[in-house]
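**Student:** I have a structure I would like to understand better, so I am pasting it below and will then ask my questions one at a time.
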Amino acid sequence: MSNFTKTVLFTDNDGRAKFREESVALTEGSPASMLSLVFPSAGYQLRQSPVGFRSQFHCTGQPQWVFILQGQMEIGLQGGVSRIFKAGEHFYSADVLPAGAVFDPAVHGHWSQQVGHEALVTLFVKG
């Protein structure tokens with residue numbers, strides 16, 4: 001059986017955003033074209049961010065896949081950890097604000113920014 005590695009940005013028990021890797025089984029299809037089960041989605045959205053774009057700390061409103069179509073996107077977490085995702089790469093953004101919490105930019109969420117000399121184009125597939 002083949003597997004797909006899913007990078008997940010999530011909210012841990014301490015309320016802080018972190019990254020983890022999960023394995024998605026590719027159990028459908030044929031040996032020449034292995035597929036996962038079909039996952040539901042609630043629509044998609046395209047975004048273009050110019051050179052120099054950077055957000056403030058924020059939480060994901062609803063879990064979503066983020067696919068980098070052009071350029072590079074850096075995701076930064078509390079404590080200085082960050083990862084850069086390049087065109088053709090992806091992650092699953094699920095770092096929602098914990099139930100009952102009031103957003104605190106010193107604790108919750110992540111920031112994102114465009115990296116390099118090319119505009120950032122992303123595809124968000126809502127979960």
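**Student:** When the residues of region 75-98 are filtered to those that are in a strand (DSSP E or B) and out of contact with any Phe, Trp or Tyr (no Cβ under 8 Å at 6 or more places or on another chain), which remaining residue is surrounded by the most Cβ atoms within 10 Å (Cβ to Cβ)? Walk me through it before giving the result.
**Tutor:** To start, the set of residues in region 75-98 that are in a strand (DSSP E or B) comprises 75-76, 82-86, 90-94.
Subset that is out of contact with any Phe, Trp or Tyr (no Cβ under 8 Å at 6 or more places or on another chain): 82, 84, 86.
Working: Ser82: 15, Ile84: 13, Lys86: 12.
Going through the qualifying residues, I end up with Ser82.
**Student:** For Leu46, all conditions in the list (1) assigned to a strand (DSSP E or B); (2) surrounded by 11 or more Cβ atoms within 10 Å (Cβ to Cβ); (3) aliphatic (A, V, I, L, M) hold save one; what is the number of the exception?
**Tutor:** (2)
**Student:** For Ser2, are the conditions met, namely being at pLDDT below 95 and either surrounded by 11 or more Cβ atoms within 10 Å (Cβ to Cβ) or of a type in the set (Asp, Glu) (or both)? I'd like the intermediate steps shown before the answer.
**Tutor:** Numbers: at pLDDT below 95: yes; either surrounded by 11 or more Cβ atoms within 10 Å (Cβ to Cβ) or of a type in the set (Asp, Glu) (or both): yes.
So Ser2 passes the test.
**Student:** Further question: Being exposed (fewer than 13 other Cβ atoms within 10 Å of the Cβ) and either in contact with a His (Cβ under 9 Å, 6 or more places away or on another chain) or within 16 Å of Val8 (Cβ to Cβ) (or both) narrows it down to one of Ala32, Ala25, Ala101, so name that one. Spell out how you get there, then give the answer.
**Tutor:** Working: Ala32 fails: either in contact with a His (Cβ under 9 Å, 6 or more places away or on another chain) or within 16 Å of Val8 (Cβ to Cβ) (or both); Ala101 fails: exposed (fewer than 13 other Cβ atoms within 10 Å of the Cβ).
Unique residue meeting the criteria: Ala25.
**Student:** Can you tell me which residue within region 49-72, out of those that are hydrophobic (A, V, I, L, M, F, W, C) and assigned to a loop (DSSP other than H, G, I, E, B), is nearest to Val102 (Cα to Cα)? Reasoning before the result, please.
**Tutor:** Here is the first cut: in region 49-72, the ones hydrophobic (A, V, I, L, M, F, W, C) are 51, 53, 57, 59, 65-69.
This time we only want the ones that are assigned to a loop (DSSP other than H, G, I, E, B), so: 51, 53, 57, 59.
Numbers: Val51: 32, Phe53: 26, Phe57: 14, Cys59: 11 Å.
For region 49-72, the residue satisfying everything is Cys59.
**Student:** List the residue pairs whose Cβ atoms are under 9 Å apart, where the first residue sits in region 32-43 and is farther than 20 Å from Gln64 by Cα, the second is of a type in the set (A, V, I, L, M, F, W, C) and surrounded by 10 or more Cβ atoms within 10 Å (Cβ to Cβ), and the two are 6 or more positions apart or on different chains.
**Tutor:** Listed pairs, sorted by first residue: Met34/Phe4; Met34/Leu26.
The values are calculated or read from the model by the stated rules, or taken from the named source; none is laboratory data. Just so it is clear, the model here is predicted, and its values are computed rather than measured. Because the Cβ atoms are built from the backbone with ideal geometry, glycine has one as well, and the counts that use them run over all protein chains shown.
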